[in-house]
2 protein chains.
Amino acid sequence: MKVYEYPPRSQWAEITARPHLDTSSLHIKVSSILDDIRKRGDAALKEYTLQFDKTELENLQVGKKEWDKGCDLVSPELKKAIETARDNIAKFHASQTLEILKTETTPGVVCWQKPVGIEKVGLYIPGGTAPLFSTVLMLAVPAHIAGCREIIMCTPCGKNGNVHPAVLCAARIAGVDKIFKLGGIQAIGAMAYGTESVPKVYKIFGPGNQYVTAAKQIVSLRDVAIDMPAGPSEVAIIADKTSNPAFVASDFLSQAEHGADSQSMLFTLDADIVSPIQTEIERQLSQLHRKELTGKSLEHSKIVVLKNREELIEITNEYAPEHLIIQSKDYNELGEMIVNAGSVFLGPYTPESAGDYASGTNHTLPTSGYAKAYSGVNLDSFIRKITFQEITREGLKNLGKTIEIMAANESLDAHKNAVSIRLSSSNKK
Amino acid sequence: MKVYEYPPRSQWAEITARPHLDTSSLHIKVSSILDDIRKRGDAALKEYTLQFDKTELENLQVGKKEWDKGCDLVSPELKKAIETARDNIAKFHASQTLEILKTETTPGVVCWQKPVGIEKVGLYIPGGTAPLFSTVLMLAVPAHIAGCREIIMCTPCGKNGNVHPAVLCAARIAGVDKIFKLGGIQAIGAMAYGTESVPKVYKIFGPGNQYVTAAKQIVSLRDVAIDMPAGPSEVAIIADKTSNPAFVASDFLSQAEHGADSQSMLFTLDADIVSPIQTEIERQLSQLHRKELTGKSLEHSKIVVLKNREELIEITNEYAPEHLIIQSKDYNELGEMIVNAGSVFLGPYTPESAGDYASGTNHTLPTSGYAKAYSGVNLDSFIRKITFQEITREGLKNLGKTIEIMAANESLDAHKNAVSIRLSSSNKK
């Protein structure tokens, strides 16, 4: 953990920089595997799964009985928690539903947007040390609310050939239609191109390692849309002398435990709070199971003391954190000044883990400063807004001249003619 | 123009296929130019502009006087038309503004989305045979409404070193902040990386040729967001025996005149209307200035007669047209059944050219079937929806157990601890 006291602006770029995950060196290898999946379908998927995951699959899809059985293994306590989270995520994402609003821009010219769910979506849930059932909820619940007709999911199975029960249970509760035991490049290729077993989808969502990221980038150039670029997770915390050091330290650490490449940042105007927070971080760290990994992530975490509120807001917006927790007294006022962030947590009793699991907001958020251009996953991510317009004969009379003049000045005769021919016909009647 | 009468479903994939614009062969060349722009900034921009566009630039930016002078050259008639179009585009896009709506998902847990304009956006307006001032409006007007703080635009100048007056005028009317005389790869590189003269932006919008498309793809892998993948423009028209053949033909041709690679499709249930429409197309074509180019585009345009309404809707949704014009009697009913399209034009007096210029809807739309996953450019394209949440002490008590159980089951101790530490502190009080 490096502490910067009143750094000059010239140093800000260095402070807010993220390690860039350059996957371009992987592109050749990943592309050749994707090509092979495109050509050989299921056979290729099975071979690569054996090669990379050391698992021999007979059926790629999780069968109904297998799925039921997995769900039965989940404790009632966890099941209830998943359902509570599902309800909150559903409530918040349903509140994002767009009403169809017709706008008459000129008398007789009516325009509107109609939201329509993407018909086929694919969700990727990574394997690894922990079962990421919360990510299943974050992706499948909004897809369901959006009205996506086919929601499929790929996730690697364990060495025993089974998908983790909690993941199966969350998928059932969230309304996933089909699950395939595929990880990494295989999963992305299967969903992008479709194979004998796996349906092709129109958009792929979900986190993953550098191979998954590279594969998503490559297929997004032509075959399928993706949610957003991915990078290591991160949090920025704004605190002051009214903040509880134990709360701040717990948030700092909960980000850090995500992975060795995670980053936690603390921005403050009060140099006095640095030492108590550091002490709390050390104390809490010693009690964590993932102590070692969390400690590694702390190595590139930073505490930055700024001169004034203007600097505080400016460096926060420049950093554009995935998660931003504001625990200072004036958290509402500061919150209003935030223009670049994925998700903002306001006040002392709003830890990031609430949003990670169950408050209702989505946890699939833009990292690495992408919050400057991207939103996190939300209901919009699963719909298209198709524009409609209807013009009456009168409406075209009102607007026709404008269109004709513009078309003529862009040298587009036929565009002009499509109006002229209608106007002259309508004049005759 | 090929006519298909009652094609079997096995032939549909061939009918609805688009020529794939594969720009990957350009990636090595385009990447090396982009790298050079990243390293050498303005000097590289000037060299490539001399090399590719045969124009020697002293200043990259359009000066204020030059801009004023250009605007003065535009006829009052065209200026008024541009203003009318601007007003309608502004009305429709302003109607898309998101109200902040707070949702209490659990007592004491409040979540909301706050729309914030992307701070810096870059618009690309191609050069070529006609001045695309309408595209300036389609991109800059919503950017302005979204509250983007810096709206810059790149467009190549003519051999005389000047940007077309109509483009300058539209940029002034729409609220563009700065214009740079850059085309092609230079423009995209400049806006993605920033140079001495050109500010770096966070998202790049606008159409272009295969070099622009390749450059946008490459910079989008890491440095900047882009609007959407690009391909040749296209229309599908649904007509029946009540449709006016002259209207249908005029729409068919107005799409075809966009470029030799444009595609017009006609879907109908009435075989009898094919011949009168073909006759009208021939008649109107002979009167067009862009006759030759339009004729080329007609070569890969298609007329398809379907068996029944189910087939009609299915093939339309499978084609997922950028523009869809429905001129049949039951246009409202059919419109309701459309799930894949960029923009839909309903009824006999709603030509595509209305939406291309002045009705208020956007004309930057997903081509090549991308409408299955992408919306056209709209107000959303220029904002991020940042999520906010505030939880009271009571709220955390209500939701805490759920978060703790889920975190423990994902083996994330510190996530659990961020809640437990707050709950135990609040219990003490």
| said: Residue by residue through B:88-98, how many Cβ atoms from other chains fall within 10 Å of the Cβ on average? | reply: 4
| said: 7 Å along Cα→Cβ for the label point: how many nanometres lie between A:Pro8 and each equivalent label in the other copies, listed shortest first? | reply: 7.8
| note | Out of B:Met337, B:Ala246, B:Ser359 - ranked by how far each Cα lies towards the positive end of the dipole of region B:236-386, with unit charges on the beta-carbon of charged residues - the top one is B:Ser359
| said: Of the candidates A:Asp72, A:Asp413, A:Asp87, which one comes out as most mobile in a Gaussian network treatment of chain A with C-alpha springs shorter than 10 Å? | reply: A:Asp413
| task | Kindly report the accessible area of region A:149-234 per residue (heavy atoms of protein chains, probe 1.4 Å, no ligands, DNA or RNA), in Å². | result | 29
| field | Dipole magnitude (debye, nearest 20) for the protein assembly as shown, charges at Cβ of Lys, Arg, Asp, Glu | value | 120
| said: With the cut-off at 19 Å, tell me which of the pairs B:Lys80/B:Lys120; A:Lys102/A:Lys385; B:Lys241/B:Lys291; B:Lys54/B:Lys181 have Cα atoms farther apart than that. | reply: B:Lys80/B:Lys120; B:Lys241/B:Lys291
| Residue (of A:Ser220, B:Gly400, A:Thr294) at the positive-pole extreme of the protein assembly as shown, dipole from beta-carbon charges | B:Gly400
| request: At 1.4 Å probe size, with no ligands or nucleic acids counted, give the accessible surface of A:Thr364 in Å², nearest ten. | output: 20
| Simple Cβ-charge dipole of chain B, Lys/Arg +1 and Asp/Glu -1, about Cα centre, in debye nearest 20 | 1700
| request: Just tell me which aspartates and glutamates come within less than 12 Å, Cα to Cα, of B:Lys39; anything on the same chain fewer than 8 places away is out. | output: B:Glu196
| query | Looking at region B:80-115, which trypsin sites (Lys or Arg not before Pro) are DSSP coil and have at most 16 other C-beta atoms within 10 Å of their C-beta? | reply | B:Lys102
| query | Between region B:369-429 and region B:239-260, what is the C-alpha centre distance in whole Å? | reply | 51
| Contour excess over end-to-end distance, with Cα ends at A:Asn209 and A:Gln11 and 0.36 nm allotted per residue | 68.2 nm
| task | Could you work out how far apart the two model spin labels at A:Lys296 and A:Asp68 are, taking each label as a point 7 Å from the Cα in the direction of the beta carbon, and quote it in nm? | result | 4.3
| query | For a paramagnetic label modelled at 7 Å from the Cα of B:Lys200 toward its Cβ, which residues of region A:372-388 fall within the zone defined by backbone nitrogen distances under 19 Å? | reply | A:372-375
| note | For region B:1-132, the per residue accessible area (1.4 Å probe, Å²) is 54
| task | For region A:146-189, just say rounded, prolate or oblate: build the C-alpha gyration tensor, square-root its eigenvalues into a ≥ b ≥ c, call rounded for a/c under 1.5, and beyond that prolate if a/b exceeds b/c, oblate if not. | result | oblate
| Radius, Kirkwood style, for chain A when every pair of distinct Cα atoms is counted (Å) | 24.2
| remark: Quick note, region B:1-79: a/c under 1.5 would make it rounded; otherwise a/b > b/c is prolate and the rest oblate (a ≥ b ≥ c, C-alpha gyration tensor); here it is oblate
| Selected from A:Glu410, A:Glu14, A:Glu196 as most flexible by GNM, with chain A as the system and alpha-carbon contacts under 10 Å | A:Glu410
| query | What residues from region B:381-417 fall in the zone where the backbone N is under 19 Å from a label point 7 Å along the Cα-to-C-beta line of A:His289? | reply | B:401-417
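The values are calculated or read from the model by the stated rules, or taken from the named source; none is laboratory data. As the structure is a computational prediction, the values presented were derived from the model and not from experiment. With ideal geometry, Cβ positions are generated from the backbone for all residues, glycine too; neighbour counts draw on all protein chains shown. What goes into the accessible areas is simple: the full protein's heavy atoms, side chains included, and nothing from ligands, DNA or RNA. Shrake-Rupley method; radii C 1.70, N 1.55, O 1.52, S 1.80 Å.
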